[in-house]
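Input: a single structure, listed below in structure tokens.
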Amino acid sequence: MTTTRTRFTGRTALVTGAGSGIGRAIALALAAEGAQVAVAGRRREPLDETVRLIEEQGGKALAVTADVTDATEVGALVDAVVDRFGSLDVAVNNAGVFRGGQPLADLPEDDWRAQLDTNVTGVFLALRAQIRRMRQQPSGGAIVNIASTFGAHTRQPGAAAYSATKAAVSVLTRGAALDHIRDGVRINAVSPGAVETPMSLRPGETDADRTERARATLPLGRVSTTDEIAAAVLYLASDDASSVVGTDLVVDSGATA
Ligand SMILES: NC(=O)c1ccc[n+]([C@@H]2O[C@H](COP(=O)([O-])OP(=O)(O)OC[C@H]3O[C@@H](n4cnc5c(N)ncnc54)[C@H](OP(=O)(O)O)[C@@H]3O)[C@@H](O)[C@H]2O)c1
């Protein structure tokens, strides 16, 4: 372990979309601060690799395959976490997809539906199952949803449908937070700007192209690292943010400053 922080010792966390990118970084960061972490996604292999990485740093983890668009699978996921670890204290709803790059009129209906299903219905189903569990616990729980600056701030062609889904995540977060804070469940969102994963590459762009674009256009001069997004998520999920409710924390290298 490289950190001495222990904000999540004794707590159980669930991260969706934890087999890659931002989700994996969040899972590793939670484990490094003492949480036992359940990692979820549709494909088994990347989840097993996240578990391996967590165990390698001395942490405890469980991989559960689940599709967040399926209510039964999401219910079974929460049950599996509680069966294994005894509680659900922190949940991070990070699973998401981007399908775009073309003008809205050229977007296939399947791509529209896939984004709505995963990014909006998936977050709703996960929130519902997580809150139903957390509100039974004396200690409640904390949930962080991963939205995007595309939802409320960034204006970029070719991302209308994705942006609409992420605006929905931010609004859903605020509403759910108001509905359930008196149940002891604290809900917030993080809105990343461009992050160092393939999702932020423009059509045809290489990593080097993105580095150059970021240098020229972002106030900070670079995109965010996955660890920087994880740090924001951990803050909101921790007791450091005990009176932060329904907010949407922007982490975007100054893009929307
Ligand atoms: N990268 C950026 O610049 C950026 C910026 C703003 C916001 N975000 C948001 O950050 C989140 C993570 O993005 P990322 O860049 O880390 O992308 P990523 O590497 O593609 O991660 C997305 C993860 O979600 C999982 N997933 C997708 N559909 C799922 C489903 N139906 N059920 C369960 N899991 C599912 C994927 O695993 P499986 O395919 O195995 O299911 C994958 O591990 C997303 O919500 C994204 O919209 C990213």
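The values are calculated or read from the model by the stated rules, or taken from the named source; none is laboratory data. The model shown is predicted, which means the values in this text are computed figures rather than measured ones. Every residue, glycine as well, gets a Cβ built from its backbone with ideal geometry; the counts of neighbours run over all protein chains shown.
Miscellaneous remarks
- Selection count where residues are assigned to a loop (DSSP other than H, G, I, E, B), surrounded by fewer than 23 Cβ atoms within 10 Å (Cβ to Cβ) and within 12 Å of the ligand (Cβ to nearest atom), scope the range 17-34: 1
- Filter pass, GLN136 being more than 25 Å from THR226 (Cβ to Cβ), more than 11 Å from the ligand (Cβ to nearest atom) and without any contact (Cβ under 8 Å) to a residue 40 or more places away in the chain: yes
- If you go through the range 148-163 and keep only what is without any contact (Cβ under 8 Å) to a residue 24 or more places away in the chain and more than 17 Å from the chain's Cα centre (by Cα), you end up with ARG155, GLN156.
- The number of residues in the range 215-228 being part of a helix (DSSP H, G or I) and more than 11 Å from the ligand (Cβ to nearest atom) comes to 5.
- Residue that is surrounded by fewer than 19 Cβ atoms within 10 Å (Cβ to Cβ) and within 11 Å of the ligand (Cβ to nearest atom), where the choices are ARG7, ARG44: ARG44
- Of all residues in the range 192-214, those satisfying the criterion of being surrounded by 12 or more Cβ atoms within 10 Å (Cβ to Cβ) and either among the β-branched types (Val, Ile, Thr) or not in a helix (DSSP H, G or I) (or both) are PRO192, GLY193, ALA194, VAL195, GLU196, THR197, LEU201, ARG202, GLU205, THR211.
- Which numbered condition ARG155 misses (of (1) part of a loop (DSSP other than H, G, I, E, B); (2) more than 19 Å from VAL251 (Cα to Cα)): (2)
- Candidate set from the range 131-141 (those that are in contact with a strand residue (DSSP E or B) (Cβ under 8 Å, 6 or more places away or on another chain) and either at pLDDT below 95 or surrounded by fewer than 24 Cβ atoms within 10 Å (Cβ to Cβ) (or both)); member that is nearest to ARG7 (Cα to Cα): GLY140
- Applying the criterion of being without any contact (Cβ under 8 Å) to a residue 12 or more places away in the chain and within 16 Å of the ligand (Cβ to nearest atom) to the residues of the range 79-127, the residue that is surrounded by the most Cβ atoms within 10 Å (Cβ to Cβ) is ARG113.
- The residues of the range 158-191 that are over 24 Å from ALA231 (Cα atoms), touching a helix residue (DSSP H, G or I) at 6+ places or on another chain (Cβ under 8 Å) and in a loop (DSSP other than H, G, I, E, B) amount to a single one, ALA159.
- Boolean, LEU201 is out of contact with any His (no Cβ under 6 Å at 6 or more places or on another chain) and more than 10 Å from the ligand (Cβ to nearest atom): no
- Failed criterion for LEU14 (all others in (1) crowded, with 19+ Cβ neighbours inside 10 Å; (2) assigned to a helix (DSSP H, G or I); (3) within 16 Å of the ligand (Cβ to nearest atom) hold): (2)
- Some residue of the range 5-24 being of a type in the set (Ser, Thr, Tyr), out of contact with any helix residue (DSSP H, G or I) (no Cβ under 9 Å at 6 or more places or on another chain) and over 16 Å from ARG132 (Cβ atoms): yes
- Tally of residues being away from the ligand (no atom under 14 Å from the Cβ) and among the hydroxyl-bearing types (Ser, Thr, Tyr) across the range 139-172: 1
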